[in-house]
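As structure tokens, the structure follows; a few thoughts come after it.
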Amino acid sequence: MGFFLSVLYFVADYLTPPVLFGQLAQYRVELILAALLLLVSLPRLIRSPLLKTPQALALAGLAIAGFLSIFFAEHWLSGAIEAFLGFIPSIFAFFLVGLHCDSRNKLQALALMLLGVCLFVMGNGLRELRNVDASLAPTGVESADDVDWAVWNIEHPYLYPMRNGEGKFFYRLRGMGLMNDPNDFGQILVCEIPLLFLLWRPKKLLRNLALVLVPAGVLVYGVYLTHSRGALLALLAVILIAARRRIGTLPAGVIAVALFAGAMALRFTGGRAISASAGEDRTALWGGSMELLKSHLAFGIGIGRLPEFLGHTAHNSILVCAAELGFFGLFFWSLFLFPTLRDALLIASPRRVSAGGDADEEDGRLPVLFRPWKGAALDKTEINRIGSCLFLSLMGFLAAGLFLSRAFVMTFFLLGGMIEVVYETARRREMTAPRLSLARVSAGAFAIAIALIAAVYMTLRLVNLIH
């Protein structure tokens, strides 16, 4: 019951309640659904050590950071409370997965859920692309200036029209809600491709073709339809990391370069270049965000307020978090990232996962999060395989996030919850290392926060030197 409601909640957030519930959305069905989930989840949460994890502390800190950012920047209590509550829907995902995803089949169900969301958006986008007004096609650019874009966007919610570097019109696929920008949809597509391999079964050719390989190819085509430069680079980063483990760094690098050249030849980005000069507008926003961080170091300028200062958001998740929430918020964001990344690396590494000991599969007295998965026992090979899929998905999210302003979206916390479930399964079976102490996790988070800002600063310096 709890898992089914959780999946429904995730789908409603990705597709928006009006799309999923139709006319019923006017009755705020999503709030009723959230209330039901809270009712079902609270008893489990009370019995579970989930609240003692570093990620839970990080999520509480992020919500508080959102509150303080508005309170100190605008001295507006009701706005600060609204900012605090605004974090709840996204961070709720981590707890829902941790509490209700207690089997391998449920992990696979989450992968299928995201696949369904992606295919739904792609289907609607392709339908609109087929039926779009011919006056807006690349051959009829001259008439595009006469279009009422506000009306056009309402009539074509799954397409984003824009001009490329050559001044020609093209369309980019997008979703609604969390995916209302082509770059956001591209990020989710990149994250979903590795998750499809959770469905892989050795020596099951037809199953793997139907559930993994063909859908992966469709999603790559979806990335192409978004024409997102950030999503393309993130996809290449995932391929590079995955290939490096099998064939080595140099051959993997050659493959990534060849794929990049092929993608650009096929106009994967819609005719827009990927270069320092082509990204001058974004690096200018990065520089402005850095200046805002310097002047509002502790608590930032207020969540969601970057466009008020820069005219646009930063197109970089790190800088959005740092500038809007200050170093206080960036620390807690890093406090979620550090143990999540560490746990993902552990379960994906063959050297760091052992055969482990036996666990009592029927011990219902164990806390929910730490209870061994139901069904067939998981061996070292299976933990590594699942861990690799989750690690690559997280890498795809982070790589795309370097070019997107999506530090607090549900996908990040959903992946964090999935990683935590697998890590706890391995840890309970004594197959991997125990948790780090809170002091060590906090020190690591602080170091990551400093390193992230330093990396962005050095990137900006390098770009300025090139120009």
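The values are calculated or read from the model by the stated rules, or taken from the named source; none is laboratory data. Just so it is clear, the structure is predicted and the values come from calculations on it, not from any experiment. Every residue, glycine among them, receives a Cβ derived from its backbone with ideal geometry; neighbour counts consider all protein chains shown.
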**Message:** Considering only the stretch 279-301, I want to know if a residue exists there that is more than 22 Å from the chain's Cα centre (by Cα), assigned to a loop (DSSP other than H, G, I, E, B) and within 22 Å of Gly186 (Cα to Cα).
**Reply:** yes
**Prompt:** Of Ser48, Ser78, which residue is hydroxyl-bearing (Ser, Thr, Tyr) and surrounded by 16 or more Cβ atoms within 10 Å (Cβ to Cβ)?
**Reply:** Ser48
**Asked** List, please: which pairs have Cβ atoms under 9 Å, are six or more places apart or on different chains, and start with a residue in the stretch 184-212 that is more than 21 Å from Lys106 (Cα to Cα) and end with one that is among the aromatic types (Phe, Trp, Tyr) and part of a helix (DSSP H, G or I)?
**Response** Gln187/Phe397
**Message:** Tell me yes or no: at least one residue of the stretch 295-307 is surrounded by fewer than 17 Cβ atoms within 10 Å (Cβ to Cβ), out of contact with any helix residue (DSSP H, G or I) (no Cβ under 8 Å at 6 or more places or on another chain) and on the phi < 0 side of the Ramachandran plot.
**Reply:** yes
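Look at Arg267 and say whether it is assigned to a loop (DSSP other than H, G, I, E, B) and of a type in the set (D, E, K, R).
Working: assigned to a loop (DSSP other than H, G, I, E, B): yes; of a type in the set (D, E, K, R): yes.
Judged against the criteria, Arg267 is a match.
So, Val212, is that one touching a Cys at 6+ places or on another chain (Cβ under 9 Å) and of a type in the set (Val, Ile, Thr) or not?
Values: touching a Cys at 6+ places or on another chain (Cβ under 9 Å): no; of a type in the set (Val, Ile, Thr): yes.
Spelling it out, it is not the case that Val212 is touching a Cys at 6+ places or on another chain (Cβ under 9 Å) and of a type in the set (Val, Ile, Thr).
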**Request:** Specify which of the listed residues (Asp358, Asp343) is among the acidic types (Asp, Glu) and either at pLDDT below 90 or assigned to a loop (DSSP other than H, G, I, E, B) (or both).
**Result:** Asp358
**Complete:** Tyr27 vs (1) closer than 25 Å to Leu415 by Cα; (2) modelled with pLDDT under 85; (3) surrounded by fewer than 16 Cβ atoms within 10 Å (Cβ to Cβ): all pass except (1)
**Request:** Can you confirm whether the stretch 7-22 contains a residue that is more than 25 Å from the chain's Cα centre (by Cα) and without any contact (Cβ under 8 Å) to a residue 12 or more places away in the chain?
**Result:** yes
**Request:** Would you tally the residues in the stretch 376-411 being modelled with pLDDT of 90 or more, in contact with an Asp or Glu (Cβ under 8 Å, 6 or more places away or on another chain) and surrounded by fewer than 24 Cβ atoms within 10 Å (Cβ to Cβ)?
**Result:** 2
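For the stretch 110-128, give me each residue that is among the small types (Gly, Ala, Ser), under 19 Å from the mean Cα position of the chain (by Cα) and surrounded by 18 or more Cβ atoms within 10 Å (Cβ to Cβ).
Of all residues in the stretch 110-128, those among the small types (Gly, Ala, Ser) come to 111, 116, 123, 125.
Next cut, under 19 Å from the mean Cα position of the chain (by Cα) only: 111, 116.
Correct list: Ala111 only.
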**Request:** Mind listing just one residue for me: the one in the stretch 434-467 that is of a type in the set (Lys, Arg) and at pLDDT 90 or above and, of those, surrounded by the most Cβ atoms within 10 Å (Cβ to Cβ)?
**Result:** Arg435
**Prompt:** In this structure, is Met431 hydrophobic (A, V, I, L, M, F, W, C) and modelled with pLDDT of 90 or more?
**Reply:** no
**Prompt:** Looking only at the stretch 381-431, which residues are outside any helix (DSSP H, G or I) and within 25 Å of Gly304 (Cβ to Cβ)?
**Reply:** Leu402, Phe403, Leu404, Ser405, Arg406, Ala407, Phe408, Val409
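How many residues are in contact with a Pro (Cβ under 9 Å, 6 or more places away or on another chain) and either within 18 Å of Val121 (Cβ to Cβ) or in contact (Cβ under 8 Å) with a residue 60 or more places away in the chain (or both) when one looks only at the stretch 217-265?
Our first condition is that a residue be in contact with a Pro (Cβ under 9 Å, 6 or more places away or on another chain); within the stretch 217-265, this holds for 225-228, 231, 238, 242-244.
Imposing the further condition that a residue be either within 18 Å of Val121 (Cβ to Cβ) or in contact (Cβ under 8 Å) with a residue 60 or more places away in the chain (or both) reduces the set to 225-228, 231, 238, 242.
The total comes to 7.
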